[in-house]
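Asks: Take a look at this one; I'll ask things after.
The values are calculated or read from the model by the stated rules, or taken from the named source; none is laboratory data. Remember, it's a predicted structure, so these values are computed and weren't measured experimentally. Cβ placement follows ideal geometry from the backbone for every residue including glycine, while neighbour counts extend to all protein chains displayed.
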Amino acid sequence: MPPEPHFSPAKLDFDHLVADREAISKINPQRFEMEQLDAVVYIDAVQHILAGYKDVRADEFWVRGHMPGNPLLPGILMCEAAAQLCAYYIVRYDIVKDMDFIGFGGMENVRFRSPVRPGDRLVLVARGIKLHRRQTIFNVQGFVRQTMVFHGDIIGVPLHNDEA
């Protein structure tokens, strides 16, 4: 049984973006094939709930080989997209001080529930559950339409460029 949603994707307004891909790239360091987040559409800085999405395209680097004839978005890329959403929030709201960027420190309690394919919009909803100067943890949920396709905890750690 999936957990209760933090926020219903049906309540999101995809016509009014908080940040598009260009704005995200001013904050997040990922480039080229590793830019996995297309937009941020909702932020509640009081409750630390945020939402964004990744439009899954048929021309992405993984489509040809995962799985031939039946492309499925790799679970790790779902988690990477969610981590990029969380990183955007951490940096934009200056949650962690004295860092160059937030690194992907790990994942816990991750479950994949349904496939995600080219043509799908993967909607990501995250809720900050630990926001500390040495570590952040966000519980994230991914949806295609109203179906929860994955959930888990994404751990972020502050890094300096000399540690990357």
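Asks: Which of (1) of a type in the set (S, T, N, Q); (2) without any contact (Cβ under 8 Å) to a residue 40 or more places away in the chain; (3) buried (at least 18 other Cβ atoms within 10 Å of the Cβ) does residue 139 not meet, given it meets every other one?
Replies: Condition (2) is where residue 139 drops out.
Asks: Would you confirm whether or not the range 37-44 contains a residue that is under 13 Å from residue 118 (Cβ atoms), modelled with pLDDT of 95 or more and not hydroxyl-bearing (Ser, Thr, Tyr)?
Replies: no
Asks: Quickly run through the range 104-119 and pick out the residues that are under 15 Å from the mean Cα position of the chain (by Cα) and either of a type in the set (A, V, I, L, M) or closer than 19 Å to residue 40 by Cα (or both).
Replies: 104, 107, 110, 116
Asks: Another question about this same structure. For the range 55-75, indicate whether the set of residues that are among the aromatic types (Phe, Trp, Tyr), in a strand (DSSP E or B) and within 22 Å of residue 110 (Cβ to Cβ) is non-empty.
Replies: Looking for residues that are among the aromatic types (Phe, Trp, Tyr), in a strand (DSSP E or B) and within 22 Å of residue 110 (Cβ to Cβ), one finds none in the range 55-75, hence no.
Asks: Of these, 59, 98, which one is exposed (fewer than 15 other Cβ atoms within 10 Å of the Cβ) and either β-branched (Val, Ile, Thr) or at pLDDT 95 or above (or both)?
Replies: So the residue among 59, 98 that is exposed (fewer than 15 other Cβ atoms within 10 Å of the Cβ) and either β-branched (Val, Ile, Thr) or at pLDDT 95 or above (or both) is 59.
Asks: Here is a follow-up. Before we move on, is residue 98 more than 16 Å from the chain's Cα centre (by Cα), on the phi > 0 side of the Ramachandran plot and not aromatic (Phe, Trp, Tyr)?
Replies: Considered against the rule, which asks whether it is more than 16 Å from the chain's Cα centre (by Cα), on the phi > 0 side of the Ramachandran plot and not aromatic (Phe, Trp, Tyr), residue 98 comes out as yes.
Asks: Now for a separate question. Of the residues 133, 127, which is over 26 Å from residue 14 (Cβ atoms), among the basic types (Lys, Arg) and in contact (Cβ under 8 Å) with a residue 24 or more places away in the chain? Walk me through how you get there before you give the answer.
Replies: Values: 127 fails: over 26 Å from residue 14 (Cβ atoms).
It is 133.
Asks: For residue 17, indicate whether it is under 23 Å from residue 159 (Cα atoms) and surrounded by 12 or more Cβ atoms within 10 Å (Cβ to Cβ).
Replies: No; evaluated as a whole, the condition is false for this residue.
Asks: Residue 43 passes all but one of (1) in a strand (DSSP E or B); (2) closer than 15 Å to residue 158 by Cβ; (3) among the aliphatic types (A, V, I, L, M); which number fails?
Replies: Of the numbered conditions (1) in a strand (DSSP E or B); (2) closer than 15 Å to residue 158 by Cβ; (3) among the aliphatic types (A, V, I, L, M), the odd one out for residue 43 is (2).
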